[in-house]
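Worksheet: one structure, shown below.
The values are calculated or read from the model by the stated rules, or taken from the named source; none is laboratory data. Bear in mind the structure is a predicted one, so any value in this text is a computation, not a measurement. Please note: Cβ atoms are built from the backbone with ideal geometry, for glycine as well, and neighbour counts cover all protein chains shown.
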Amino acid sequence: MWRIPIIAIIGALVLSSASAQPTPPPRIALVIGNSAYSVVSPLPNARGDAELVAEQLRELDFEVEFHPNLTRTRLAQEIEAFGERLRAAGPRAVSFFYYAGHAAQDHLGVNYLIPTDATARAPEQLRAEATPLQAVFDDMQAANNPVNVLVLDACRDWYAEERQRNTIAVRGLRDMGRHGNVFIGLATTPGNTTDDGYGDNSPYTTRLVEALRTKANQPLSLVFDDIGALVYADTDASLTPEFLNGLVRAPRWCLVDGPNCRTRQTRPNAIVLTSPFLRSLERDRLLAFTDNNVTFVDTLLSRRDLLAANGIDSRLRLKHFLASVRYRAGVRRLEFLRFSPFILRAERDRFPTEEIVQEYAHNPERVMNRMFAGRYGNGDEASGDGWRYRDRGTFSLGGRRNYAEATSWIGVDLVADPDLLSDPEVDLAVSAAQWSRNNMNALADADDSESIRRRVRGMGDYNQLAAAALYAIDPTAPAPPPDPMDDETPL
């Protein structure tokens, strides 16, 4: 006679538990594929690329609006409607904007998405016929939601030849910087162009769709880091994809679990008291120094304890640490050169013949596996350790042995999951530990810029960067002259 009440009670508990679960945030997406251009050759893959992305986003529970071959009027209308949908979805919404097709910058460095009926072929004429990319960013900022993803498989050649206007090279897109609460994925670096590839889909979107299907449970920063490495290898180093993580409120967000990614609990050790000096740092001044690198600045400010734990807690020490981080940024932009035949010929012990050089050149994974086989604790070439434990991070941590050592420093298992070194918080923890353990604080205390410059090995005017870093952390310091590297080595 107790059966019915017990069942009823159990049912009530189940219903109560289910009702207590938070509802998932709304997910909306706009996917555009412009192929059928009227004044230039059609882009064979753009529409098909967009269709694949739209299909995969639907599998990830996005409400997708897919639109191919948009004219100027329709392109502007659909972007406006996307903004309205995003604002109506509320402050918890997640958005995904994907565009494949032509895009270009005008003579003033403004980036545009180009509709299929555009006829302007000169930079100064583009404004009258295209839609500014800034309109998408404006909608995302107005919605004030925590997560927006913007992916551009664009930057094909639109102008007949590269031109120069007001010292701005108009090839490809202008560097758009980081935007708060927006994760940006680009098929190639600013100032360069991409293409449709030789298959049914572009190299970038092929890897993007593969990642959406198989790695949606990983933080976006790790997913897009892998996409970039794979596309670089797929295209024999002709494409160097880039991403900019501006997800300040959810830096480890992933497509499946949102902020509750599998690495959510994997955080570097420290949690120590910070000095008044570190607590006095101003976000706006740091953003100016780093060319608006929201991810780096907010990571540094939220984990000042990592700096304190490694003794980077004085004006001189932080000045040189920040200058060195910026100094290294230029080198990272040129890392693709290490896979060229010219560099491989210099590694005669690993690449002794021209035949081997040509076989391996421009294939990063194969080069790293051969070059670092049996070194730094790595296994043989077949083990894949050279690529698995490749140089990552601000100060280039490389090799299984060094990954294991870094694991002991920060309490994050980088041997089991080396991709975590691409996470900004983990990178900061490792970089601060490398700095401290290499006795760089002593050089900083002596203000020995030349010794630091030689040991860090970067690009640019180190003294200029050091002066700018000091100005960023000390309002009483004199303002440095303009940095000639500002447009070339964003952090």
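Before moving on, here are some points about what is shown:
- Residue under evaluation residue 342, criteria (1) among the aromatic types (Phe, Trp, Tyr); (2) out of contact with any Asp or Glu (no Cβ under 7 Å at 6 or more places or on another chain); (3) crowded, with 16+ Cβ neighbours inside 10 Å, criterion not met: (3)
- Of all residues in the range 6-26, none are closer than 28 Å to residue 217 by Cα, in a helix (DSSP H, G or I), at pLDDT 95 or above and polar (S, T, N, Q).
- Sub-8 Å Cβ pairs linking a first residue in the range 321-342 that is among the aliphatic types (A, V, I, L, M) to a second residue that is buried (at least 17 other Cβ atoms within 10 Å of the Cβ) and modelled with pLDDT under 70, at least 6 apart or interchain, are 325/491; 329/489; 329/490; 329/491, ordered by first then second residue.
- Yes/no for residue 31 being among the hydrophobic types (A, V, I, L, M, F, W, C) and part of a strand (DSSP E or B): yes
- Against the list (1) touching a helix residue (DSSP H, G or I) at 6+ places or on another chain (Cβ under 6 Å); (2) buried (at least 18 other Cβ atoms within 10 Å of the Cβ); (3) aliphatic (A, V, I, L, M), the condition residue 104 fails is (1).
- Residue among 221, 202 that alone is more than 25 Å from residue 26 (Cβ to Cβ) and buried (at least 21 other Cβ atoms within 10 Å of the Cβ): 202
- Of all residue pairs spaced 6 or more apart or on separate chains, those with beta-carbon atoms under 8 Å, a first member in the range 465-479 that is in contact (Cβ under 8 Å) with a residue 60 or more places away in the chain and over 10 Å from residue 285 (Cα atoms) and a second member that is of a type in the set (Ser, Thr, Tyr) and assigned to a helix (DSSP H, G or I) are 465/327; 466/449.
- Residue in the range 140-163 that is among the aromatic types (Phe, Trp, Tyr) and in a loop (DSSP other than H, G, I, E, B) present: yes
- Of residues in the range 353-396 being among the basic types (Lys, Arg) and assigned to a loop (DSSP other than H, G, I, E, B), the one modelled with the highest pLDDT: 375
- Qualifying residue in the range 310-318 (condition: under 25 Å from the mean Cα position of the chain (by Cα), buried (at least 19 other Cβ atoms within 10 Å of the Cβ) and either assigned to a helix (DSSP H, G or I) or of a type outside the set (S, T, N, Q) (or both)): yes
- Residue pairs meeting the criteria (Cβ under 7 Å; at least 6 apart or on separate chains; first at positive phi, in the range 292-304; second surrounded by 23 or more Cβ atoms within 10 Å (Cβ to Cβ)): 292/178
- Among the residues listed as 82, 62, 97, the single one being within 25 Å of residue 157 (Cα to Cα), within 26 Å of the chain's Cα centre (by Cα) and at pLDDT 95 or above: 97
- Residue within the range 271-290 that is closer than 17 Å to residue 394 by Cα, touching an Asp or Glu at 6+ places or on another chain (Cβ under 7 Å) and in contact (Cβ under 8 Å) with a residue 40 or more places away in the chain present: no
- Among the residues of the range 164-176, not a single one is under 19 Å from residue 103 (Cβ atoms) and at pLDDT 85 or above.
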